[in-house]
Structures are given as structure tokens and as C-alpha cells.
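Report on the following structure.
The values are calculated or read from the model by the stated rules, or taken from the named source; none is laboratory data. In this text, all values refer to a predicted model and were calculated from it rather than measured experimentally. When we count neighbours, we look across all protein chains shown, and the Cβ atoms used for this are built from the backbone with ideal geometry, even at glycine.
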Amino acid sequence: MDLTDKTVLITGAGRGIGAGIASCFAGAGAKVAVTDLDDALAQDTASALDTQAMGLVADASSQSSMADCIERVNNELGTLDVLVNNAGVGGLDLDYAEVAQAIAVTGMSDEAWDEQLLYNLRTAFSSSNAAIPRMNDGGSIVNIASIAALGPSPDLPAYGAAKAGVVHLTKTLASQLAPRRIRVNCICPGLLWTRAWEMLAARIQASQPEMANMTPRQIFEGVVAQSTPLGGEQTPEDIGNLAVFYASDKARMITGQVVSVDGGITLQR
Ligand SMILES: NC(=O)c1ccc[n+]([C@@H]2O[C@H](COP(=O)([O-])OP(=O)(O)OC[C@H]3O[C@@H](n4cnc5c(N)ncnc54)[C@H](O)[C@@H]3O)[C@@H](O)[C@H]2O)c1
């Protein structure tokens, strides 16, 4: 897939899945803007890419922060063609005590609920709203949701609800933006060993005494082995490859779609 001369912005791309998506777009020849709450992470990821790239600090949950950032990208790399709404999970200061506690909906505080919706749903809303008036017709928006969006999510109720909102937002935007031929699609990743999962595994360990002697990585591998029919975890590039496809002309008639990249985890639900 050839995205030469296309300008792509990926939110939360300083590390993890977003950094993998950035490298896939660079591999397809696109010019890449890497944004993150953490400036140093954004700069490092951008400078490692084998393409014209820039790193910017921006809060994906703020329309004004993203609007400023997109103006800079449009001036320096060319008008935006593709927005990837990847930023999510716990914000800059990951507090997985709140994120990963096995809490029932009924036990959650209003604040914990709102925080998760801010980090994991408003990010896609605010970034899209900032980008839509500033991007080329015929472009593409790719939203990163989660398999947590697709069924009950008893351990992460607010996260699951936020990601279900991302799936819904995908379909609404796809319908609203069709007259401009902007396609909007969604990816639901399964299990990936990123900083987010590392912290989640540490949290699971703290609440399960029988796992006291396991490393976070071993806990993650146990979950993968138990739940993945194809065997094995997914990689950021597995997600990035689909994002590049969605953004390419090969997907010119695909909009409003939601695809899981999860090794078959959701087959078992
Ligand atoms: N890791 C998994 O197994 C998994 C599974 C399903 C979905 N996801 C989703 O993939 C996306 C990336 O997750 P990850 O595992 O790479 O997480 P991560 O925590 O490793 O990386 C997330 C990055 O996003 C940045 N970020 C967070 N909030 C931001 C904001 N408001 N504005 C700008 N940047 C922000 C962080 O600073 C960090 O660099 C998230 O949307 C997450 O919900 C991850």
C-alpha cells in the first residue's frame, strides 16, 4: 500500500501501539506527525521514523490543543489526510489503581467514571472535531477502540463503555463525513504487551496472592494463552497494518466498519 505524499497524524503515538502504527505509515511512505502528552516520547518516536516526520506535544482530549497542533502539521508537512485516534487508557500519569481495579459499575465513583470517558472517548471526539475542518476531502479517520467495547467488560466497566462509544462515534462520523468522501473506520485490538498492559498485569498481581511469584509478563502470557485461539499476542504492527489498509485507496469503499485484530479472542464470547 502506497501512501506517498499523504500526511498522517497519530495521537498518543509516543510509545506502544501508536508508535507501531506510526512506523507502519512511515513504511508506506506517508509523512507522519506523532503527537503525545509526553513531548520527549513524541520527539523520540518521530526521529526514529524513516520518513519526513515531526513530534508534537498535544492533548488529544482538547479541541484547542489539537487544532493548534494540526495547524502546525498542515504548515510543515502538508494538509492532513489521515487522523488516527489512538490516544487512550490512563492519560499521562497512569493511575492503574483506578483503571484496572476489578470494580463493579456500582462501586465506581463519578470521578473515576468521568476520567475514563475523558481519556478513552473524548480523545477521539475532540481530536476528530479539531481535524475535520482542517483535513483534505477524500481522507480517512481510523479509531482505535478495543475488544472491551464488544461485550461485557466487568473488570474495566468505564473503559469498556468508553470504547463502545468510540465504535458508535465511528459509525456516526462515517455517515456524516461520507459527502466529503472522508472514510471513518475502527480497529479493536486484543492483547498487546505495551506499558498499559504491563501496569495492568502488575495490578492483577497485587490483587491475586497466588500470582505473587509471577512477573507481569508471565501474567500477561497466561492471559494470552488462555484466551487466544490463534495463539500468541498481537503486535503494534498488526494494528498498524490494518490502519494503513483502511487509510489506503484499497479500502476506498470501506467506511463505518469495525474489525477486531485479536487472534480470535472475540470468537469465544
Ligand atoms: N495494549 C492493549 O492490549 C490494548 C488493547 C486494546 C486497545 N488498546 C488501545 O490502544 C491504544 C494505545 O494503547 P497502548 O497499549 O499503546 O497504551 P500506552 O499507555 O502504552 O500508550 C498510550 C500513549 O498515549 C499517550 N496518551 C494518553 N492520553 C493522551 C492524550 N489525552 N493525548 C495525547 N496522548 C495521550 C500516552 O502518553 C502514551 O504515550 C489505547 O487507545 C488503548 O485503549 C490497547
Across region 15-34, what is the number of residues that are within 14 Å of the ligand (Cβ to nearest atom) and either farther than 25 Å from Ala251 by Cα or small (Gly, Ala, Ser) (or both)? 8
Determine whether Trp197 is of a type in the set (Phe, Trp, Tyr), touching a helix residue (DSSP H, G or I) at 6+ places or on another chain (Cβ under 7 Å) and modelled with pLDDT of 95 or more. no
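What do you reckon, is Pro209 more than 16 Å from the ligand (Cβ to nearest atom) and without any contact (Cβ under 8 Å) to a residue 60 or more places away in the chain?
Criteria met by Pro209.
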Residue hits (region 14-32; over 11 Å from the mean Cα position of the chain (by Cα) and either β-branched (Val, Ile, Thr) or in a helix (DSSP H, G or I) (or both)) are Ala22, Ser23, Cys24, Phe25, Ala26, Gly27, Val32
Out of the residues in region 8-30 that are in contact with a Lys or Arg (Cβ under 9 Å, 6 or more places away or on another chain) and small (Gly, Ala, Ser), state the one that is farthest from Arg134 (Cα to Cα). Gly16
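Among residues belonging to region 44-57 that are in contact with a Leu (Cβ under 9 Å, 6 or more places away or on another chain) and over 21 Å from Ser126 (Cβ atoms), point out the one that is nearest to the ligand (Cβ to nearest atom).
Ala46
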Can you tell me which condition Gly12 does not meet? The list is (1) on the phi < 0 side of the Ramachandran plot; (2) within 14 Å of the ligand (Cβ to nearest atom), and all the others hold. (1)
